[in-house]
Amino acid sequence: MDVTEECLLWLSRSDCAKTIETVVVDNCSPNGSGRTLEEKYRNRENTHFLLLDDNIGFACGNNEGYKYARETLKCDTMLIINSDLYIKDPAFFTRLEKVIDNNPEDYIIAPDIESRYGVHQNPFRINASSDNQHKKMILRKRMGQVIYRIPVINKMLVKSRAGSSTAYKKVRVEEDLFDIIPHGACIIYTPNWVEKETFAFREGSFLFIEEEILFDYCQFRGYRTHYVPSLQVYHMEDASQNAAYSSMLAGKKQRLKYEIESRQLLLRYRKYYRKHPSDGG
């Protein structure tokens, strides 16, 4: 809850705070945090809570918020952000309006995302992975599932993971780039997208690979994605996942399962796009 409240705090400091509608989606949090936050912020203007009865995953959970904002609140521009992402620039939304006005061909905008480790996470990828690369990754993840069933190896891997650090550096890309894969922690959907699409993410995956599945759909439909370094946000990174998984081993097993399923879904979508190219127009 603390990172979600911090996210709400930074939004309230925006110079456009009175015109922003904030939709908080609680994806059936087992600790009841959604209900607690709803009670605490019930009188906060322009803040809405969706308390879901089941954990329906990253894509579907975000889509519930998107649909509510689009159909009930009649919003024409959407920011889908993780609750551990902070928009610290008070002029962020004013800058965003100018970017949208100056780039009428954009459907998705990706800001510069800096993690707590100093990693700049956008562009998430410049090019999509090939079918063969995804198939190889599925094979590797299946091998991982087998390995993590062996108790002795489990202890060795967990111990080595616990002592490792993810604090590597990825330098900031200074120039605007087009047709890139955006990082899922903060994706901005312009009025072009909102007018045409009833969803933010392609459904079917529970967790992982949502960005590349979304990018494939953009390519299929001819939608332009745009990385904009002048828009900056900050990402605490994996706060909700770290809280949800009670042990590193259980978390790793779940991640393997979800990643395999998501990569398989991506390959099925690609097969459909190739078979029905006219649907994209």
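Summary table
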quantity: Per residue solvent-accessible surface (Å²) - the chain, probe of 1.4 Å; calculated: 54 Å²
quantity: Vicinal HN-Hα couplings computed from phi for region 124-129 (Karplus, 6.51 cos²θ - 1.76 cosθ + 1.60; Hz; Gly/Pro x); calculated: 4, 8, 7, 10, 6, 6
quantity: Net length gained if the chain between residue 52 and residue 255 were fully extended (0.36 nm per residue, minus Cα distance); calculated: 70.9 nm
quantity: Per-residue SASA entry for residue 19, accessible area with 1.4 Å probe, Å² rounded to 10; calculated: 110 Å²
quantity: Sequence-distant residues sharing a close amide H with residue 231 (under 5 Å, placed H); calculated: 112
quantity: Proportion of all alpha-carbon pairs of region 1-96 beyond 22 Å (%); calculated: 24 percent
quantity: Shape call, region 24-80: gyration tensor on alpha carbons, a/c limit 1.5; calculated: oblate
quantity: Sequence-distant residues sharing a close amide H with residue 50 (under 5 Å, placed H); calculated: 24, 25, 26
quantity: By accessible area with a 1.4 Å probe, ligands and nucleic acids excluded, highest first: order of 275, 67; calculated: 275, 67
quantity: Selected from 150, 124, 49, residue furthest toward positive end of dipole (the chain; charges at beta carbon); calculated: 150
quantity: Relative contact order (%) - region 1-146, alpha-carbon pairs under 8 angstrom, separation at least six; calculated: 25 percent
quantity: Rounded to 5, percent antiparallel among DSSP beta bridges of the chain; calculated: 45 percent
quantity: Length-normalised contact order for the chain - Cα pairs under 8 Å, 6+ apart - percent; calculated: 27 percent
quantity: Residue 125 long-range amide H proximity, modeled H, under 5 Å; calculated: 181
quantity: Viscosity 0.692 mPa s, temperature 37 °C, Stokes-Einstein D of the chain from Kirkwood C-alpha radius, µm²/s; calculated: 164 µm²/s
quantity: Whole-Hz ³J(HN,Hα) from phi, Karplus 6.51 cos²θ - 1.76 cosθ + 1.60, for region 79-86, glycine and proline x; calculated: 10, 9, 10, 5, 6, 9, 10, 10
quantity: Helix-only mean residue ellipticity at 222 nm for the chain, each DSSP H run of n ≥ 4 adding -39500 (n - 2.57), per residue, nearest 500; calculated: -13500 deg cm²/dmol
quantity: Hits among lysines - C-alpha to C-alpha of residue 135 under 21 Å, sequence gap 8 or more where chains match; calculated: 252, 253, 257, 271, 275
quantity: Carbon/sulfur fraction of accessible area - region 32-105, other protein chains in place, 1.4 Å, %; calculated: 42 percent
quantity: Charged-residue dipole, Cβ positions (Lys, Arg, Asp, Glu), region 1-92 about Cα centre, Debye nearest 20; calculated: 240 debye
quantity: Net lengthening on full extension, residue 221/residue 126 (0.36 nm per residue, minus Cα-Cα); calculated: 32.4 nm
quantity: Within the chain: Cβ-based charge dipole about Cα centre, in debye rounded to nearest 20 (Lys, Arg +1; Asp, Glu -1); calculated: 1740 debye
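The values are calculated or read from the model by the stated rules, or taken from the named source; none is laboratory data. Model, not experiment: these values are computed from the prediction. All Cβ positions, glycine included, derive from the backbone under ideal geometry; neighbour counts span all protein chains shown. All accessible areas refer to the heavy atoms of the entire protein, side chains included, with ligands and DNA or RNA removed. Shrake-Rupley method; radii C 1.70, N 1.55, O 1.52, S 1.80 Å.
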